[in-house]
Amino acid sequence: MKPLGKLRLGVNIDHVATVRNARGSAYPDPVRAAKLAEEAGADGITAHLREDRRHISDADIERLATELSLPLNFEMAATDEMQAIALRHRPHAVCIVPEKREERTTEGGLDVAREENRLAHFIAPLADAGCRVSIFIAADAKQVEAAARIGASVVELHTGAYCDFHAEERLAERDAELARLREMAALAHGLGLEVHAGHGLTYDTVEPVAAMPEVMELNIGHFLIGEAIFRGLDPAIAEMRRLMDAARAA
Ligand code: PXP
């Protein structure tokens with residue numbers, strides 16, 4: 001199967017804010033990073049406003065919503081507070097993620113199957129306000145099918161397990177997870193969902209995911225912001241773009 005279209009790169013700028021917040025200063029500015037990312041070839045900007053505001057702040061979201069020309073993908077937990085913020089700013093996309101205070105990062109996908117009814121009601125006003133609603137899930141048929149039933153437009157497949165297995169050199173498990181991601185991308189597309197993927201992706205792990213024909217967008221943050229320390233944000237993003245495009249063309 002040929003790729004369904006151009007693969008978009010969403011750059012997640014959360015960890016520019018992490019560095020800023022480490023010193024309580026005004027710099028480095030995540031909005032400046034977002035503008036540089038656009039010049040470097042990003043197709044969108046992703047920012048996660050966490051309940052504890054550990055990186056992105058309300059003021060960052062306000063500025064991203066007004067100053068960016070790229071589409072904003074607003075990541076948030078399914079809470080009333082976040083819904084109200086999303087409805088105020090009406091970003092291009094809203095990605096619903098699970099959130100636990102004690103976790104270092106978003107550890108797993110959302111259990112849509114368990115919360116189907118609540119989530120269906122939760123996302124309806126967001127979709128009515130014109131936001132593309134995306135649901136961040138593990139590569140699991142039960143979750144893909146539930147995401148389709150609640151009326152989401154997009155599923156973002158969690159690539160964290162695949163990337164962890166790769167880093168730990170557990171290659172059989174990595175390949176099994178990759179096969180599951182491939183299968184779930186096809187299932188989701190067949191159910192009429194647009195397919196995105198992300199979490200933990202690096203130069204070493206991006207290509208097999210970028211090559212999945214149904215995947216239309218990758219959201220990548222932590223690795224790119226880290227790599228930017230060594231080569232600068234523009235070259236770090238440009239190299240990711242090159243690898244994505246090469247995998248897509250192969
Ligand atoms: N997609 C989603 C839904 C996420 O929650 C995150 C992390 O905030 C990412 C993508 C990006 O992950 P990473 O920072 O590991 O590249």
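The values are calculated or read from the model by the stated rules, or taken from the named source; none is laboratory data. No experiment lies behind these values; they were computed from the predicted model shown. When we count neighbours, we look across all protein chains shown, and the Cβ atoms used for this are built from the backbone with ideal geometry, even at glycine.
Structure above, values below:
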{"quantity": "Residue satisfying all of: in region 150-162; within 19 Å of the chain's Cα centre (by Cα) and not small (Gly, Ala, Ser); farthest from ALA113 (Cα to Cα) among these", "calculated": "TYR162"}
{"quantity": "Residue match in region 163-171 (condition: among the aliphatic types (A, V, I, L, M), in a helix (DSSP H, G or I), over 15 Å from the mean Cα position of the chain (by Cα) and surrounded by fewer than 22 Cβ atoms within 10 Å (Cβ to Cβ))", "calculated": "yes"}
{"quantity": "Pairs with Cβ under 9 Å, 6+ apart, first in region 31-55 and at positive phi, second buried (at least 20 other Cβ atoms within 10 Å of the Cβ) and in a strand (DSSP E or B)", "calculated": "GLY41/LEU9"}
{"quantity": "Extreme residue, farthest from ALA47 (Cα to Cα), among residues of region 71-110 that are acidic (Asp, Glu) and modelled with pLDDT under 95", "calculated": "GLU102"}
{"quantity": "Of all residues in region 212-250 being touching a residue at least 60 places away in the same chain (Cβ under 8 Å) and assigned to a loop (DSSP other than H, G, I, E, B), the one that is nearest to the ligand (Cβ to nearest atom)", "calculated": "GLY221"}
{"quantity": "Flag if ARG180 is surrounded by fewer than 18 Cβ atoms within 10 Å (Cβ to Cβ), at pLDDT 95 or above, more than 22 Å from VAL94 (Cβ to Cβ) and not aliphatic (A, V, I, L, M)", "calculated": "yes"}
{"quantity": "Top-ranked residue in region 51-77 [being charged (D, E, K, R) and within 23 Å of GLY109 (Cα to Cα); ranked as surrounded by the fewest Cβ atoms within 10 Å (Cβ to Cβ)]", "calculated": "ASP52"}
{"quantity": "Of all residues making up region 9-51, the number that are basic (Lys, Arg) and under 17 Å from the mean Cα position of the chain (by Cα)", "calculated": "1"}
{"quantity": "Any hit, region 156-171, residues being within 15 Å of the ligand (Cβ to nearest atom), more than 23 Å from ASP14 (Cβ to Cβ), of a type in the set (S, T, N, Q) and touching a residue at least 12 places away in the same chain (Cβ under 8 Å)", "calculated": "no"}
